[in-house]
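Trainee: Shown below is the structure under consideration.
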């Protein structure tokens, strides 16, 4: 009797494991659209040649970021 219950339980478990990927939900498309949107630069952003280099509230750090990006001193 235990053998039948064990086989039945293993069968149910096997079916559940196979069905789980098929029942998984796809991610919403809105999330991927939000990721592709470009945000407006803030006052703390450092952008050189259209590329975002970094951001920092300290103007001295932003200057260093610009210098590093250009490879020369101002």
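The values are calculated or read from the model by the stated rules, or taken from the named source; none is laboratory data. This one's a predicted model, so the numbers in the text were calculated from it and none came from an experiment. Every residue, glycine as well, gets a Cβ built from its backbone with ideal geometry; the counts of neighbours run over all protein chains shown.
Trainee: Kindly indicate which of 21, 41, 27 is surrounded by 10 or more Cβ atoms within 10 Å (Cβ to Cβ) and either modelled with pLDDT of 65 or more or on the phi < 0 side of the Ramachandran plot (or both). Let's see the steps before the verdict.
Mentor: Working: 21 fails: surrounded by 10 or more Cβ atoms within 10 Å (Cβ to Cβ); 27 fails: surrounded by 10 or more Cβ atoms within 10 Å (Cβ to Cβ).
Every option except 41 fails the conditions.
Trainee: Same structure again: Among what's in region 50-74 and is assigned to a loop (DSSP other than H, G, I, E, B) and at pLDDT 90 or above, pick the residue that is farthest from the chain's Cα centre (by Cα). Explain how you work it out, then say what you get.
Mentor: If we filter region 50-74 for residues that are assigned to a loop (DSSP other than H, G, I, E, B), which is where we start, we get 50, 56-58, 71-74.
Checking which are at pLDDT 90 or above leaves us with 56-58.
Details: 56: 22, 57: 25, 58: 27 Å.
If we take residues in region 50-74 being assigned to a loop (DSSP other than H, G, I, E, B) and at pLDDT 90 or above, then 58 is farthest from the chain's Cα centre (by Cα).
Trainee: On to the next question. Please enumerate the residues belonging to region 44-59 that are in contact with a strand residue (DSSP E or B) (Cβ under 9 Å, 6 or more places away or on another chain) and either under 12 Å from residue 69 (Cα atoms) or exposed (fewer than 15 other Cβ atoms within 10 Å of the Cβ) (or both). Talk me through it step by step, then tell me what you get.
Mentor: Step one: filter region 44-59 for residues in contact with a strand residue (DSSP E or B) (Cβ under 9 Å, 6 or more places away or on another chain), giving 44-47, 52-56.
Selection gives 44, 46, 47, 52, 53, 54, 56.
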